[in-house]
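See below for the structure under consideration.
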């Protein structure tokens, strides 16, 4: 069975600083990988996804993620964080049967 | 834009009551999902449906059932609510297998 680990429960970052959120997965083949964001009081929204091809994926809101097969990782990055990036971020892995498995989430706090 | 509407944002029910959570989507997506979200556990799939009257169990179906009589509507039913079903319930849709889930704003259920 596939599983997703987000090692960091909570990260605090200063506005303008870089951000990296870690995600590790357990899956036999090459999975489909996703990052979702849940802003306060809002529904979850897809940031980016990886199915195949270029291992560096660009998403919305200036985010990117890199798939590293050797490390079973799909870490999310942003070069310069804005206060509006304060949210909870979820990594997810899927097969082709519509069942996505989500990690426990990482809460990002942005300080001025 | 896809709109996924969950009829109740907040509900308070008593142990043993039957609870209906309704979800309606307006974009003709084939696939609909019910997740529950708990702190530290992320999102866990309860049930999903890939067509009218079709359903499949997710990872935690015990204590829940679903109904999909029309393509746009997917209902989650708690036959006899228990306190451990206190949670945030999220409805989502997907078209084909894009991996992109469109979420409603959630229904926060408290069972006393």
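Bear in mind that the values in this text are calculations on the coordinates, not laboratory data. This one's a predicted model, so the numbers in the text were calculated from it and none came from an experiment. Glycine gets a Cβ as well: all are built from the backbone with ideal geometry, and neighbour counts include every protein chain shown.
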Residue B:22 paired with residue A:55, simple spin-label distance in nm, labels 7 Å along Cα-to-beta-carbon:
4.9 nm
If R0 = 35 Å, then residue B:80 and residue A:10, at their Cβ-Cβ distance, give a FRET efficiency to the nearest 0.05 of 0.45
Take residue A:39 and residue A:18, extend 7 Å from each Cα along the Cα→Cβ direction, and tell me the distance between the two endpoints in nm.
2.5 nm
Taking the radius of gyration and the Kirkwood hydrodynamic radius from Cα positions alone, what is the Rg/Rh ratio for chain B, to two decimal places?
0.94
Estimated FRET transfer efficiency when R0 is 30 angstrom, pair residue B:7-residue A:72 (beta carbons, to 0.05)
0.15
Only Cα pairs within less than 10 Å get springs; with that Gaussian network setup on chain B, which residue of B:15, B:98, B:86 has the largest fluctuation?
B:98
What distance in nm lies between label points placed 7 Å from Cα along the C-beta direction at residue B:71 and residue A:95?
2.8 nm
Over the Cα atoms of the protein assembly as shown, each weighted equally, I'd like the Debye log10 I(q)/I(0) at q = 0.18 Å⁻¹, rounded to two decimals.
-1.33
Given 10 °C, 1.306 mPa s and a Kirkwood radius over Cα pairs, the Stokes-Einstein diffusion coefficient of segment A:1-104 in µm²/s is 114 µm²/s
The distance between the Cα centres of segment B:17-32 and segment B:62-77, in whole Å, is 7 Å
